[in-house]
Number of protein chains: 2
Amino acid sequence: MKAKASNGARTISGGVTAPKGFKANGLHCGIKNSNKSDLALIYSEKPCTAAGVFTTNKVHASCVAISQAHLKYGHAQAIIANSGNANCMTGKKGFADSRAMAAAAAAGLGLTEKDVCVASTGVIGHPLPIKKIVNAVPALVKGLRAKGSKNAARAIMTTDSTLKEVAAEFTIGKKRVRIGAIAKGAGMIHPEMALAPHATMLCFVTTDASIAPAALRAALDSATGNSFNMITIDGDMSTNDMVLVLANGMAGNTMIAAGSKDARIFGEALETLFLKLACAMVRDAEGATKFVAVTVKNAQSAADARTVARAVSSSTLVKCALFGSDPNWGRVAAAAGRAGVSVDAWKMKIYLGSELVLKNGGPVSKKAGVLDRIFGKKDITITVDLRTGTHSATAYTCDLSTAYVELNSAYHT
Amino acid sequence: MKAKASNGARTISGGVTAPKGFKANGLHCGIKNSNKSDLALIYSEKPCTAAGVFTTNKVHASCVAISQAHLKYGHAQAIIANSGNANCMTGKKGFADSRAMAAAAAAGLGLTEKDVCVASTGVIGHPLPIKKIVNAVPALVKGLRAKGSKNAARAIMTTDSTLKEVAAEFTIGKKRVRIGAIAKGAGMIHPEMALAPHATMLCFVTTDASIAPAALRAALDSATGNSFNMITIDGDMSTNDMVLVLANGMAGNTMIAAGSKDARIFGEALETLFLKLACAMVRDAEGATKFVAVTVKNAQSAADARTVARAVSSSTLVKCALFGSDPNWGRVAAAAGRAGVSVDAWKMKIYLGSELVLKNGGPVSKKAGVLDRIFGKKDITITVDLRTGTHSATAYTCDLSTAYVELNSAYHT
């Protein structure tokens with residue numbers, strides 16, 4: 001369950017303002033009925049090489065389209081984001097509102113609209129109170145701080161109970177380079193993000209590395225595929241998922257080229273941070289009481305391994321069994337079997353924790369209580385060994401609790 | 001929500017023993033800890049043309065393989081089925097046990113093993129107490145009655161709270177023909193059955209129609225596709241789903257040929273019965289408080305319509321909103337968008353009941369309370385008009401309640 005250790009990277013504090021030249025802020029502009037923060041801004045004092053991955057949902061918010069358009073040439077300098085309203089399925093007004101958010105931030109920062117990416121998260125189908133946002137931008141800009149990461153992180157939270165912020169420092173050439181990130185997400189989580197649109201989780205990444213656009217896009221795509229795109233909370237892909245990275249080059253390293261050893265080091269550091277945030281989302285999942293890693297081993301292809309891991313980790317019945325601490329591995333087998341890839345029930349082995357429970361198509365008898373103890377824990381691993389190839393994948397999930405249903409049946413969460 | 005009226009068919013009583021020449025029974029043989037019935041037998045006094053559709057789960061129970069093998073030549077004369085144990089993932093012993101069930105029934109009935117189909121439903125991964133079954137067969141056979149349908153129907157129930165039995169009578173040529181059926185299923189319901197294997201719902205159908213094997217298979221496949229394969233309770237496809245039809249020809253009609261007008265009449269009657277049973281399963285779904293029909297209209301293809309209807313009806317968040325009587329149609333739009341087919345968010349219209357809530361990519365404003373009243377009802381319709389083609393499909397689902405989670409997190413249901 002531990003995130004892979006990156007090549008010499010060490011964890012540091014500071015989140016998105018840990019890298020040189022970045023400032024951030026967050027405040028309450030009035031979208032949320034509570035007095036919680038709902039508007040965030042991240043700003044780089046220098047122009048950035050930038051890239052994003054977006055939900056692949058065919059129904060997506062206007063902020064997804066606007067941010068994609070603004071990233072067309074691989075540049076950006078700021079991110080403005082609101083919580084409490086997804087500005088999705090809000091018609092032409094929604095589009096205009098997303099642009100107005102970017103334009104207001106640009107005006108406040110002395111940038112052009114295209115230099116600003118936009119993100120929203122919250123309820124779908126309600127018009128955005130754009131005036132409240134625009135009116136709050138001057139105070140938002142004025143409050144930008146080199147230690148403002150937590151303010152921004154707090155302002156993108158919806159049903160999250162924990163603030164999600166990470167940062168790391170490592171060496172490229174002889175230069176110290178930093179990556180920082182903030183994220184939100186506790187429900188409607190089953191991301192499938194791609195460089196061309198996909199899920200509402202949000203993650204904003206800053207780095208002072210100097211990196212070629214192609215290298216940045218490749219690192220982002222690969223790191224997302226092995227982290228955010230491998231978590232599920234409820235199987236529902238969001239309309240607003242987005243990961244944005246801004247790289248301002250202020251660390252002064254020799255530019256990282258695509259395919260280079262440095263690109264690998266940067267990519268590993270990025271993936272380590274993403275995996276930490278992805279796992280933090282699952283640990284903070286709405287109503288969840290368990291954190292579960294589902295590893296599929298020895299599949300015929302990486303795609304098959306991923307598909308089976310996603311099917312098991314998304315199964316309503318598996319997730320109910322986890323909530324009840326019931327080691328009902330038959331549900332794991334059934335979910336693997338319906339994944340739609342080649343699964344041989346007679347070859348497949350299933351482990352709960354380190355205990356083998358299925359082999360040769362039948363149960364392995366266990367002393368009473370052994371499996372109950374494993375499923376009674378807070379952290380659980382399930383391993384499905386397909387024994388048909390050499391490829392592996394790990395998906396991360398949580399249990400499905402009565403509290404989740406209560407939360408998500410409450411009016412318009 | 002009403003099942004389509006079939007061509008002159010009228011509902012009759014008697015279930016699987018309504019058609020001429022069929023007897024049935026059910027009893028408690030000791031698989032279930034309670035004293036509830038757990039072993040059922042259906043028998044035709046004459047040999048039958050027979051067909052089955054089965055779960056397409058790659059992990060399936062030995063009864064699926066055995067029944068398929070026994071139906072290879074399109075004949076059978078009896079069905080033996082147990083509840084309380086799925087006999088799935090039980091290794092070589094499971095296979096031997098399924099065959100032993102068929103063999104015991106055959107011996108008691110004076111048939112050969114291949115004349116008997118076998119079905120099981122219950123917990124996965126536990127060895128079947130085959131001795132209890134074999135020992136009970138003589139009493140099971142002795143108790144066969146021409147009015148025994150309810151006894152059989154009761155013996156296949158697991159978490160079902162209602163007994164599911166239907167029958168209809170209609171005319172082929174000048175002969176009155178009957179179809180009867182019993183079914184079970186309230187959880188692990190998301191069937192994808194095909195003539196070559198797939199879900200645990202069980203449905204056993206009898207008819208005294210004389211029908212050609214190809215016509216019977218075609219009617220079964222089509223009726224299943226429009227009924228059982230369009231329901232979902234929890235999105236988890238079972239390892240044991242099976243629909244079996246026995247046709248003994250005792251009505252004395254001219255044999256129904258594939259592609260004929262009579263085949264259409266028979267097919268419509270069968271589909272009407274299946275739709276009644278499928279809807280009965282959804283109404284009896286574990287923990288459910290609502291019955292919901294999701295219709296997708298004007299899709300580019302029938303497959304697209306079905307895929308979107310299945311995605312919306314399977315969405316955890318949509319189902320939570322239904323439980324909470326929260327008319328959160330944004331979740332419907334998001335689920336449609338992630339279905340993986342071509343969906344144009346700007347063209348799509350969404351209706352809750354008869355109320356249009358989404359058009360031109362944005363919300364249609366409604367008086368307060370209008371939508372709340374629709375979602376507060378027990379029977380709800382949701383319509384997604386894709387406006388990209390001419391094809392339609394309707395899926396049936398229920399809400400996701402705290403009671404569902406409680407039931408399925410209890411030990412080894």
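Annotations for the structure displayed:
- Computed helical MRE - 222 nm, chain B, DSSP H runs ≥ 4 contributing -39500 (n - 2.57), nearest 500: -9500 deg cm²/dmol
- Fewest-first ranking of A:Lys367, B:Lys23, A:Lys93, using other Cβ atoms within 10 Å as the exposure measure: A:Lys367, A:Lys93, B:Lys23
- Distances in nm from A:Ser354 to the matching label points in the other copies, shortest first (labels 7 Å along Cα to Cβ): 6.6
- Volume per residue that the Cα convex hull of segment B:10-283 spans, once the total is divided by residue count, Å³: 101 Å³
- As a ratio to 2.2 N^0.38 Å, the alpha-carbon radius of gyration computed for the protein assembly as shown takes the value 1.02.
- Seen from A:Ala335, the other residues with C-beta closer than 13 Å to its C-beta sum to a net charge of +3, counting Lys and Arg as +1 and Asp and Glu as -1.
- Only Lys, Arg, Asp and Glu carry charge here, each on its Cβ (+1 for the first two, -1 for the last two); on that basis segment B:291-409 has a dipole of about 280 debye about its Cα centre.
- Annotation: lysines with alpha-carbon distance below 18 angstrom to B:Lys359 (same-chain offsets under eight excluded): A:Lys58, A:Lys92, A:Lys93, B:Lys297, B:Lys347, B:Lys349, B:Lys367.
- Relative intensity, log₁₀ I(q)/I(0), of segment B:215-321 from a Debye sum that treats every alpha carbon as a point, q = 0.13, 0.15, 0.21 Å⁻¹: -0.60, -0.76, -1.21
- Within chain A: Cβ-based charge dipole about Cα centre, in debye rounded to nearest 20 (Lys, Arg +1; Asp, Glu -1): 700 debye
- Averaged over peptide A:53-66, the number of partner chain Cβ atoms lying within 10 Å of each residue's Cβ comes to 4.
- Legend: mean number of C-beta atoms from other chains within 10 angstrom of residue C-beta atoms, peptide B:398-410, equals 6.
- Distance between segment B:246-302 and segment A:301-367 - C-alpha centres, whole angstrom: 33 Å
- Counts of other chain beta carbons within 10 angstrom of each beta carbon in peptide B:349-358 average 1.
- Across the identical copies, how the B:Ala139 labels are spaced - nm, sorted shortest first, 7 Å along Cα→Cβ: 7.8
- Counting DSSP beta bridges with both ends in the protein assembly as shown, the antiparallel % (nearest 5): 75 percent
- For segment A:371-413: rounded, prolate or oblate by the Cα gyration tensor [a/c cutoff 1.5]: oblate
- Exposure proxy shown here: for A:Val123, B:Val294, the number of other Cβ atoms within 10 Å sets the order, fewest to most, as A:Val123, B:Val294.
- For the residue pairs B:Lys175/B:Lys276; A:Lys164/A:Lys276; B:Lys23/B:Lys131; A:Lys366/B:Lys132; B:Lys32/B:Lys142; B:Lys46/B:Lys164, the C-alpha atoms sit more than 19 angstrom apart in B:Lys175/B:Lys276; B:Lys23/B:Lys131; A:Lys366/B:Lys132; B:Lys32/B:Lys142; B:Lys46/B:Lys164.
- Per residue, the Cα convex hull of segment A:291-409 amounts to 90 Å³.
- Percent of beta bridges antiparallel (DSSP, chain A, rounded to nearest 5): 75 percent
- Position A:Lys174, label points 7 Å along Cα→Cβ, spacing to each other copy in nm (shortest first, one decimal): 10.7
- Segment A:376-413 and segment A:61-103: distance between their alpha carbon centers, rounded to Å: 31 Å
- Only Lys, Arg (+1) and Asp, Glu (-1) charged, at Cβ; the protein assembly as shown dipole about Cα centre in debye: 120 debye
- Each of B:Leu163, B:Ile233, B:Asn253 was placed along the dipole of segment B:128-264 (beta-carbon charges, centred on the mean Cα), and the one lying farthest toward the positive end is B:Asn253.
- For the rotation that carries chain B onto chain A, the axis lies closest to a Cβ at B:Thr402, 2, where the number is the distance in whole Å.
- Exposure proxy ranking, count of Cβ atoms within 10 Å, fewest first, for A:Cys29, B:Cys320, B:Cys63, B:Cys279: B:Cys279, A:Cys29, B:Cys320, B:Cys63
- Global form of segment B:50-160, assessed from the alpha-carbon gyration tensor, a/c cut-off 1.5: rounded
Laboratory data are not the source of any read-out in this text; all were calculated from the coordinates shown. Bear in mind the structure is a predicted one, so any value in this text is a computation, not a measurement. Using ideal geometry, Cβ is built from the backbone for each residue, glycine included, and neighbour counts are taken over all protein chains shown.
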